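Just below is one structure, and these are the notes that go with it.
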Amino acid sequence: MTDLDHATPNDRPAVPAHVGIIMDGNGRWAAARGLPRIEGHRRGVEALRRTIRAAIELNIRYLTVYSFSTENWSRPAAEVADLMFLIKRFIRNDLAELHQHDVRVKIIGTRDGLKPDIVGMLDEAQDLTHRNRGLTLVVAFNYGGRQELAAAVRRIAERVLAGELAPHSISTETVADHLDTAGIPDPDLIIRTSGEQRLSNFLMWQTAYAEFVFQPGHWPDFDRCALESALAAYMGRERRFGGTTAEGPLKVKTAL
Ligand code: FPP
């Protein structure tokens, strides 16, 4: 346990249970050094390893990373191939260690359009670690928030057609239960590197009350210090969830 503990009696600092990261700026990091974009992505994987280690040490329960969006298919074929290669290499090289550290890997996104070898590796990562109780590492791969919502609506409609669900009983919980993230708490904090300030189709439903921290640095330079700085910013925020004061029913004021 660290001072950045989850326990919050007397408004003590609370580490966000769920942090989502939009890992942006690999290409710009590489361009600034006259390197090919793949080098930026490679260094991005190293930053991801550092971040997973730091998240475990800081007692974060869920870490969701945006590693390939449904829109990333529009990149040049060679870059798409590089990103596919890197996810495969990440699973091949890092899965055993993640498992040793009790990390539970969960993949969100659609399998549509993915080659069978990648689908097999994603399934293997989930199957091997599904009983682990440490950090849950959620990898958003071939993921888009709108696509996830459309798929949830399709599944709900099928259940209505099958007579399993009455339309009047459909609530926000019903929708949440049909998303890829069912059972995972909503993110408390979203970090985006590289200075861009947008969501880019990441966890659209789940971020309704998330706090956002935008950092100017590019993703390959991200480290524990950058993560702690984002956590400190988060802890200085007052979360009201649509209520009037932090002392309202949810009492989730976080302060340093
Ligand atoms: C954004 O940088 C980053 C991505 C599209 C992919 C993120 C991927 C990794 C960190 C590595 C692969 C992930 C795993 C899980 C192995 P960008 O290319 O959009 O950068 P730019 O906006 O500067 O061009």
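The values are calculated or read from the model by the stated rules, or taken from the named source; none is laboratory data. As the structure is a computational prediction, the values presented were derived from the model and not from experiment. Note that we place each Cβ from the backbone using ideal geometry, even for glycine, and neighbour counts take in every protein chain shown. In case anyone asks, the SASA skips ligands and DNA or RNA and just uses the protein heavy atoms, side chains included. Shrake-Rupley method; radii C 1.70, N 1.55, O 1.52, S 1.80 Å.
With θ taken as phi - 60° and the coefficients 6.51, -1.76 and 1.60, list the Karplus ³J(HN,Hα) couplings across the stretch 134-142 in order, rounded to whole Hz; mark glycine and proline as x.
Ordered by residue, 3J(HN,Hα) equals x, 3, 9, 9, 9, 9, 7, 10, 6 Hz.
Distance from a point 7 Å along Cα→Cβ of Ala151 to each backbone N in the stretch 174-202: keep the residues under 19 Å and list them by number.
Taking a point 7 Å out along Cα→Cβ of Ala151, the residues of the stretch 174-202 whose backbone N falls under 19 Å are 174-187, 200-202.
Using θ = phi - 60° and the Karplus form 6.51 cos²θ - 1.76 cosθ + 1.60, what ³J(HN,Hα) does each residue of the stretch 230-238 get, whole Hz, x for Gly and Pro?
For the stretch 230-238, the Karplus curve yields 5, 5, 5, 4, 4, 5, x, 8, 9 Hz.
Once you wrap a convex hull around the alpha carbon atoms of the stretch 107-256, what is its projected area averaged over all directions, in nm²?
12.3 nm²
Tell me which residues come under 5 Å, amide H to amide H, from Thr136 once H is placed; ignore anything under 5 positions away on its chain.
Result for Thr136 returns Tyr62, Leu63, Arg104.
Once the convex hull of the alpha carbons of the chain is built, what does its volume come to per residue, in cubic angstrom? Write out the running numbers ahead of the final one.
Numbers: hull volume 36.7 nm³, N = 256.
Looking at the chain, the number lands at 143 Å³ per residue.
With all protein chains present and a 1.4 Å probe, how do His130, His99 order by accessible area, largest first?
Values: His130 95, His99 70 Å².
Result of the area sort, largest leading: His130, His99.
Taking a probe of 1.4 Å, how large is the accessible area per residue of the chain, in Å²? Please report the intermediate quantities before stating the final value.
Working: 12840 Å² over 256 residues.
Value returned for the chain: 50 Å² of accessible area per residue.
Can you run phi through the Karplus equation (6.51, -1.76, 1.60; θ = phi - 60°) for the stretch 58-64 and list ³J(HN,Hα) in whole Hz, with x for Gly and Pro?
8, 6, 6, 8, 10, 10, 10
Please list, ordered by chain and number, the residues whose modelled amide H lies under 5 Å from the amide H of Leu203; skip anything fewer than 5 residues away on the same chain.
Here the answer is Gly145, since their amide H atoms fall under 5 Å of that of Leu203.
When the chain is fully extended, how far beyond the present Cα-Cα distance does Asn72 get from Ile170, taking 0.36 nm per residue of separation? Each step should come with its number before you reach the end.
Details: separation 98, 0.36 × 98 = 35.28 nm, distance 3.25 nm.
Answer, rounded to one decimal: 32.0 nm.
Treating only the Cβ of Lys, Arg, Asp and Glu as charged (+1, +1, -1, -1), what charge dipole size does the stretch 171-245 show about its Cα centre? Round to the nearest 20 debye.
Numbers: 6 positive and 11 negative charges, 50 e Å.
Magnitude of the dipole: close to 240 debye.
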